[in-house]
Amino acid sequence: MTLKPVLTLGLALSALALAAPVRYEMKSYIQNGGKTGPAYAWCDAPDRVLAVTQPAKADLTMPQPASLVTWLKGVKGNPNIDTMQLGPTDAGAGQVYTALTPPGMAVSDTPDSYIHSSNIENVQDPAYRMTHINEFRLDGQSYRCRYVPQAAFLGVTNKRTVIIWDNGKTATYATRNFDGTPGVSVTGGKPINFGSESGWGYQFTTKDGYTYTVTAGDDMRPASARTLALSVSKGGKTLQTEPFLAYSISRPAKEQP
């Protein structure tokens, strides 16, 4: 006589598990000195791309050495790279401020230099696939950052911003060109299977035969084995290839609640 209540409870618990929202993990990378490595944060600002390398020590209660890499949009050449101090981090009231100061300078002497992120709109909440980096503030100058909360991928080349959405059924690709020309939007993308969890990629084909391929490997793959680029082709011929300067990938976390 007790089987029915137990069975009912089991079905209810299973339904709750199925209804639980998916939690995501976001990883960010930048090009620095010809190599791709982990980024603490990066910013797709209106006139430039800014990125800060991930410090060797994760503890930011004390300042840690890091590099600030800056690319000016529409300007050819190598990025500007500055040695900086990252941290400490001050969190509260829904906001996170991480100090970004020149070496040897006290944080109190440069209160207007920091990375401003959200303590609410981040991947700790299943409602967001991307953590919101609000702005980079350097010597009082604010650089507001593009934010796409539900993107599976957000990256920048030296010519455009690339965004990919993937709801598990449909993948969509879109670009925002830095020169002001219209970008493209293509839906119906197909994931690329690398045969391992460390591989990642998508391919999108338009009705007129253009194929956009975005591929990237995460930090589980050797740097030499990564393909970090947007490739455009037609009829089997590659028309252009653009390496990513900075990008973020958001994928379902291995451990779900």
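The values are calculated or read from the model by the stated rules, or taken from the named source; none is laboratory data. Because the structure is a prediction, the values reported are computed rather than measured. Every residue, glycine among them, receives a Cβ derived from its backbone with ideal geometry; neighbour counts consider all protein chains shown. For accessibility, only protein heavy atoms count, side chains too; no ligands or nucleic acids. Shrake-Rupley method; radii C 1.70, N 1.55, O 1.52, S 1.80 Å.
General remarks:
- Close pairs from the stretch 57-86: first assigned by the TED database to the domain that holds Ala41 and in contact (Cβ under 8 Å) with a residue 24 or more places away in the chain, partner among the hydroxyl-bearing types (Ser, Thr, Tyr) and open to solvent by 80 Å² or more (accessible area, probe 1.4 Å), Cβ under 9 Å, at least 6 apart: Pro65/Thr83; Ala66/Thr83; Ser67/Thr83; Leu68/Thr83
- Identity of the residue in the stretch 1-47, among the small types (Gly, Ala, Ser) and touching a strand residue (DSSP E or B) at 6+ places or on another chain (Cβ under 8 Å), that ends up modelled with the lowest pLDDT: Gly33
- Evaluation of Pro55 against (1) at pLDDT 90 or above; (2) outside any loop (DSSP other than H, G, I, E, B) (one fails), failing number: (2)
- Ala91 meets all of the listed conditions (1) more than 19 Å from Leu228 (Cα to Cα); (2) at pLDDT 95 or above but one, namely (2).
- No other residue among Leu86, Leu50 is at pLDDT 95 or above, crowded, with 18+ Cβ neighbours inside 10 Å and more than 13 Å from Leu245 (Cβ to Cβ) apart from Leu86.
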